[in-house]
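Novice: Before I ask anything, let me first share the structure, which is written out below as structure tokens.
Coordinate-derived values only; no laboratory data. Given the structure is predicted, the values throughout are model-derived calculations rather than measurements. Ideal geometry is used to build each Cβ from the backbone, glycine not excepted, and the neighbour counts take in all protein chains shown.
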Amino acid sequence: MLADLRVVTSEHLRLLDDRMPGLVTDLLITGSIALDDYRPGMSDIDFVAVMGAEPTPEQLAILPELHQQLPKGPNYDGIYLTSAQLIHPPVSAPQILAGDFDPAKSGGQLTPVTRLELSRYAIAIRGRRPAINVDLDVLREWLRGNLSGYWTKWTLNAGEHLRGLPPAEPIEQYLIIWGVLGPGRLRYTLATGDIISKTGAGRYTAEHYPAWRDLCERAVRARAGEPMAFTAADGVAMTELMQAVIDG
């Protein structure tokens, strides 16, 4: 992980400074690396680049070219924000996700959760971790909306698909990892006002929803890289767990 991180961030900064000197004042790492939960071959590298001023149209046009020149490796996903926008988030901002650059993307890392993570756990490659006061009421409202919106829809769609399969049919482990570990992170933050990793969320979910403890433990082991087989029956159990977590 440290080698991947060092290579991509040093080249990112070198290209930025060469093509657009002074644009990026701080480069911060969030996500699994900041939460000490990086898994090679599975985790992305997440960044927040802080700018001294909003980029010009010419600079915006350079950013996707620059990202195409970065070394191959884990997805290098992130967002570009000014220091003022860290305090007062915009409606949209330049973001890159899985190699797809959008100069004015809404959603993505524009969330109160990212701002909370930045203020408490971000690793500064350049500059320093920002001091951000996160409104916990706004944070909780966003979390509840994400559970009732994105995660509820995902659970319903997954359940409809999985119930149509033979119970013993194998399914991809990434579905289990995503579904079992995802909603628990939001439920944890609602309960504590803090951030937890995916692995930590699996353990938290196992503790608070013991009927699905075995499934949670297997999902955590799969995320750690242990070969693990899952079936459609496991997938159905996953959707039942997810609904329980969504309901609280």
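Novice: Treating only the Cβ of Lys, Arg, Asp and Glu as charged (+1, +1, -1, -1), what charge dipole size does the stretch 103-248 show about its Cα centre? Round to the nearest 20 debye.
Specialist: The dipole of the stretch 103-248 has a size of about 700 debye.
Novice: What percent of all Cα-Cα pairs in the chain falls in each 10 Å bin, counting up from 0?
Specialist: Taking all Cα pairs of the chain, the binned fractions are 7, 29, 33, 22, 9, 1 percent.
Novice: What does the highest-first list of 28-34, 194-200, 168-174 look like by mean Cβ count within 10 Å?
Specialist: 28-34, 194-200, 168-174
Novice: Now a separate question. What is the distance in Å between the Cα centres of the stretch 213-229 and the stretch 34-92?
Specialist: What the calculation gives is 30 Å, centre to centre.
Novice: Right, next: Mind jotting down the three principal axis lengths of the stretch 185-238 based on Cα atoms? Whole angstrom, largest first.
Specialist: Computed over the Cα atoms, the extents are 34, 23, 14 Å.
Novice: Next question. Quickly work out the Asp247-to-Ile62 label distance, labels modelled 7 Å from Cα along the C-beta direction, and quote it in nm with one decimal.
Specialist: 5.5
Novice: For the stretch 136-247, with the dipole built from +1 on Lys and Arg beta-carbon atoms and -1 on Asp and Glu ones, taken about the Cα centre, which of Gly235, Trp142, Pro167 lies farthest toward the positive end?
Specialist: Trp142
Novice: Ratio of alpha-carbon Rg to the 2.2 N^0.38 Å globular estimate for the stretch 2-126, to two decimals, please.
Specialist: 0.97
Novice: Give, in nm to one decimal, the length gained when the segment between Leu190 and His88 is fully stretched (0.36 nm per residue of separation minus the Cα-Cα distance).
Specialist: Working it through step by step, the gained length comes to 34.5 nm.
Novice: If all Cα-Cα distances of the stretch 136-247 are sorted into 10 Å bins from 0 onward, what percent lands in each bin, rounded to whole numbers?
Specialist: Reading the bins upward from 0: 15, 48, 31, 6, 0.
Novice: Moving to a separate point now. For the pair Glu240 and Arg128, what calculated FRET efficiency results from E = 1/(1 + (r/R0)^6), where r is the Cβ-Cβ distance and R0 = 35 Å, to the nearest 0.05?
Specialist: The formula returns an efficiency of 0.20 here.
Novice: Sequence gap at least 6, Cα distance under 8 Å: using those rules, report the relative contact order of the stretch 56-149 to the nearest whole percent.
Specialist: Over the stretch 56-149, the number comes to 19 percent.
Novice: While we're looking at this one, here's another question. Points 7 angstrom from Cα along the Cβ direction at Asp36 and Glu169: gap in nanometres?
Specialist: Roughly 4.2 nm, to one decimal.
Novice: Can I ask one more? In deg cm²/dmol and to the nearest 500, what is the mean residue ellipticity at 222 nm of the chain if only DSSP H runs of at least 4 residues count, each as -39500 (n - 2.57), divided by the residue total?
Specialist: -16000 deg cm²/dmol
Novice: How high is the relative contact order of the stretch 2-126, given as a whole-number percent (alpha carbon pairs under 8 Å, six or more residues apart)?
Specialist: The value is 28 percent.
Novice: Sticking with this structure for a sec: Just to verify a number: FRET efficiency for Leu2 and Glu226, C-beta to C-beta distance, R0 = 25 Å, to 0.05?
Specialist: So the FRET efficiency works out to roughly 0.65.
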